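Everything on this sheet refers to the single structure shown next.
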Amino acid sequence: MLRLESITKGYGARQVLDDLTWAVPPRTRVGLVGRNGSGKTTLLRLISGEEEPDKGQVDRPRGATFGYLPQEGARVATGTVLGALLDSFPEVARLEAEMEKAHDRMTSARDRELDDLTKLAGDLQHRFEVAGGFRIESEARRILTGLGFAVSDHHRPLAEMSGGYRMRAALGALLLRKPDYLLLDEPTNHLDLDAVAWLETFLAESESALILVSHDRAFLNRLATSIADLDRGAITVWTGNYDRYRVEKELARDRQRATAAQEAHRVGEVERFIERFRYKATKARQVQSRIKMLEKMKRTEVAPEEKTWRFLLPPAPRSAARVLHLGGVTKGFDGSVVLDRIDLDLFRGDRVALVGPNGCGKSTMLKIVAGLMGADSGEVHVGEKVAMHYFAQHVLETLTPGRTALEEMQAWAPARTPGELRSLLGVFQYSGDDVFKKVDVLSGGEKNRLALARLMLDPGNFILLDEPTNHLDLPAREALEDALARYDGTLLFVSHDRYFINKVATKVTGLVDGKLRTHDGGYDAYRAFVTGAPPAQLSSKPASAVEKPPAGASKRSREDKKSEAQARNERTRKVRALRERVTAAEGAIAAAEARLDEIDARLADPSTYQQEGLARSLGDTKRAVQVELSRLNRQWEEALGELERCEAAEQPSP
């Protein structure tokens, strides 16, 4: 078992961990929570061995392996994407190279040398099998696909990939290694919603012990079987997922309050007796007895109230009923279409979440709506009396160097009192003297939070938000959720936080292959809508869209419509057939791998070698299955690659 005994760790005058003791059993799944700066990352680095404690000891199980993914987990950008995963198995790579070398020499060897090389090749192959060589690459490709890499990306240089995708590759390498203890610091950063769902399933089936730091409450609820709460340098473990932890912690605080109140009442009675009879000689013995009793009386310490933040957005000025209309909007880059004739109507009071895979065009769509980028074609119309405010990374450039955080807020809202402004800054994690920090010295995350706090002072009546919960801890996210859920204006936002979407959105619009698909409700309702029918049957238009053709479009002939329908049906049939091929190949691969496991189990049984010829027969069968498995993996790759190309080319009917 992993144990941390009396750990103390500080940086300069700041004490982060104070006499912390914690035990993590094998195969447990722990969600590590605490406010920003409470020491969660420090704790993971101590467990992984990247840092040493000032005092205390980290006892790691003998022979146990550890895998650590820091928040910035992709610093290396050499080699290929697939290579980033396979590099975790240098012994397999070495054995494979030696086997190839032995086979090359066998082509020209004769007699005794050939016999020696044959034995060497057999030994190398056996060691390669034991090391898992035949399965590792197949598993690596499956992990990459689950994390959102296309088959065509597997052999791309990492240097060509974005930082987010390099982080995914680093995560994939850890998952492939399957360490005994997996330490993940914000693993859902840079993952789109589909990749997060895949990762949840993978980790739920993993035999590794998991220590997860995450601000994704849905992720913690799905995976964590206990919550470790890191507060003021100490740790408290609660059984259950994140939602249960929140309830149980508050109930425990209520019990502490009740016990402390009873103790205080008893202490008060004793103190009143002492005060009343302190100077009476006849009561001296009783007074001294009560004084000793008072010194021994138990005092229950009540856990301090968690500082919860709440704020209300100002009432939104009334706008036109239809706040936004997009008609046939198209946008492409370098010959690739990102938005393909999309239609969208937002009406006053709508709170719409825009979801979709990374790189599908969500931020591009927000920029077009905000007027920061022009569409290649189509209509963008903003309603009358609409006061639109847009929050994204470029907003950081509008912060004024030389000002403090408080001065920046005062310049934006001069009518607000310093107390009101400091209260709002506190929601976004500016407390105490932090409000006097100069904009120039703020980190990227701090600037992000300041710009968001400033926007909340005057949001207008139509807000565009691009990943507003980035760099916010859980209490700040909850405060922002409550404020936006009560906002009476119109909201269009991009987020990968399912909990946030469920709390805030009245509609969810998915951007898939350049088209929009909209459903009323939060993210859970949208997923049920999407997965309840084949993608080809889902509407490519939002439910609120005004059904009218683009300006200047003529009516299509019946023959054109029939031809388009036939082509669409043919594409649908082809995609369905390819999906069936992929599923069939995966089933066959699973069966072949199960057969290999069965053969390995029999070869490991001593009784096998008591039957003449059985071991040799099993060895021959095993080699045949391995050849078949390689063929099936190639078929799976080919089918999956073709499916990706077909889905990319598939265009729903306008």
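Bear in mind that the values in this text are calculations on the coordinates, not laboratory data. Bear in mind the structure is a predicted one, so any value in this text is a computation, not a measurement. All Cβ positions, glycine included, derive from the backbone under ideal geometry; neighbour counts span all protein chains shown.
For volume of the Cα convex hull per residue in Å³, computed directly from the structure shown, the correct entry in (1) 151; (2) 245; (3) 212 is (2). Taking all Cα-Cα distances within the range 478-533, those exceeding 18 Å account for 31%. Computed on the Cα trace of the range 393-459, the radius of gyration divided by the Kirkwood hydrodynamic radius gives Rg/Rh = 0.90.
The GluC sites (Glu not before Pro) found in the range 341-434 that occupy coil by DSSP, while having at most 14 further C-beta atoms within 10 Å, are E384. Measuring nothing but how far apart in sequence close Cα pairs (under 8 Å, 6+ apart) lie, relative to its length, the range 228-303 scores a relative contact order of 30 percent.
Once you have a ≥ b ≥ c as the square roots of the Cα gyration tensor eigenvalues for the range 13-92, tell me rounded if a/c is under 1.5, and otherwise prolate or oblate according to whether a/b is larger than b/c. Here the range 13-92 falls in the prolate category. The range 177-201 and the range 3-21 have their alpha-carbon centroids 27 Å apart.
Counting only DSSP beta bridges with both residues in the chain, the antiparallel share comes to about 55 percent. Of the residues Y526, Y165, the one with the fewest other Cβ atoms within 10 Å heads the list, and the complete ranking is Y165, Y526. Computing Rg and the Kirkwood Rh from the Cα coordinates of the range 228-299 gives a ratio, Rg/Rh, of 1.27. For P314, what is the net charge nearby, where nearby means another residue's Cβ is under 12 Å from its Cβ and Lys, Arg count +1, Asp, Glu -1? Taking every other residue near P314 into account, the sum is -1.
In terms of surrounding Cβ atoms within a 10 Å radius of their Cβ, C360, C646 rank from fewest to most as C646, C360. Taking 0.36 nm per residue of separation and subtracting the current Cα-Cα distance, fully stretching the chain between R110 and E139 would add 6.7 nm. Shown for L175, L511: other C-beta atoms within 10 Å of each C-beta, ranked fewest to most, produce the order L511, L175. If you take all other residues with their beta carbon under 13 Å from the beta carbon of R177, and give Lys and Arg +1 and Asp and Glu -1, the sum is -4. Centre-to-centre, using Cα atoms only, the range 108-147 and the range 577-594 are separated by 23 Å. Within the same chain, aspartates and glutamates fewer than 8 places from K438 are excluded, and of the rest, those with a Cα less than 12 Å from its Cα are E407, E408, E446.
Qualifying trypsin sites (Lys or Arg not before Pro) in the range 398-439, where qualification requires a DSSP coil assignment and no more than 10 other C-beta atoms within 10 Å, are lacking entirely.
Looking at this model, which pairs from K55/K178; K515/K574; K574/K622; K9/K178 are more than 32 angstrom apart at the alpha-carbon? The pairs that break the limit, which is 32 Å between Cα atoms, are K574/K622. Normalising the average separation of contacting C-alpha pairs (under 8 angstrom, six or more residues apart) by the number of residues puts the relative contact order of the chain at 12 percent.
Remark: the T78-E263 segment gains 60.2 nm on full extension, using 0.36 nm per residue and subtracting the alpha carbon distance. Working note: 222 nm ellipticity from helices only, DSSP H runs with n ≥ 4, each -39,500 (n - 2.57), summed and divided by the residues of the chain, gives -15500 deg cm²/dmol to the nearest 500. In this structure, the pairs whose alpha-carbon distance is over 25 Å, taken from K249/K507; K362/K507; K40/K507; K40/K298; K367/K437, are K249/K507; K40/K507; K40/K298; K367/K437. Of the complete DSSP H runs in the chain, those spanning 15 angstrom or more by Cα along the long axis with a mean Kyte-Doolittle score not below 0.5 are 193-205.
When Lys and Arg each count +1 and Asp and Glu each count -1, what net charge do the other residues less than 13 Å away from V196, Cβ to Cβ, add up to? Value of the local net charge: -1. Loop-located GluC sites (Glu not before Pro) in the range 196-233 (DSSP state other than H, G, I, E, B) with a sparse environment of at most 13 neighbouring Cβ atoms within 10 Å: E207.
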